[in-house]
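The values are calculated or read from the model by the stated rules, or taken from the named source; none is laboratory data. This structure is a prediction, so every number in the text was calculated from the model and none was measured. Quick reminder, even Gly has a Cβ in these numbers, built from the backbone with ideal geometry, and neighbours come from all protein chains shown.
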Amino acid sequence: MKIARLAIPVLLTALALASCASAPVEAPIEVDTTAVRQAKADADSARTEAEEVKAPRGAKPEFEEAEALYAQAVEAESGEDYESALELYTKAGAAYKAAKEAAVIARDEALAAMKEADAAISQTETAADEALQAAQGEDS
């Protein structure tokens, strides 16, 4: 009887261990992050292009919006929320492009204004020279 009392718990323990050991181990789910990496690369490229035309200064609100979207995308990616990261990187890329366009427009408008100012200065100098010559001609 002593042997039977000891044999039953030992057998039950052995069976429990054997059943655990034979349970299949689930492989980690692999997520294809290719689209996320591509969207991030596109956003990085758009950011570089925006910086080249001085968008952080010339289109500050648009550039800051893009930066905020990019930061949210990085946070989503690090939290393994790849669907949100993809969407946010895509939006950030579009926002960087918008910032670039706004900066180019602002630059072009500033250059046009400077050109008009130069023309006005030139006209004023010409008028002043003519007035000076006319005044000198009257004195003679």
**OP:** Could you tell me which of the residues Ala76, Ala66, Ala39 is crowded, with 16+ Cβ neighbours inside 10 Å, at pLDDT 95 or above and over 19 Å from Lys97 (Cβ atoms)?
**Re:** Ala76
Original post:
Quick check: is even one residue across segment 86-98 acidic (Asp, Glu), modelled with pLDDT of 95 or more, closer than 23 Å to Ser45 by Cα and within 34 Å of the chain's Cα centre (by Cα)?
Top reply: yes
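Limited to segment 99-115, what total is found for residues that are farther than 30 Å from Glu67 by Cβ and either modelled with pLDDT under 85 or surrounded by 12 or more Cβ atoms within 10 Å (Cβ to Cβ) (or both)?
Filtering segment 99-115 for residues farther than 30 Å from Glu67 by Cβ gives 115.
Still in the list and also either modelled with pLDDT under 85 or surrounded by 12 or more Cβ atoms within 10 Å (Cβ to Cβ) (or both): none.
Qualifying residue count for the region: 0.
With the requirement that a residue be of a type in the set (Val, Ile, Thr) and in contact with a helix residue (DSSP H, G or I) (Cβ under 6 Å, 6 or more places away or on another chain), what does segment 80-124 give you?
Thr90
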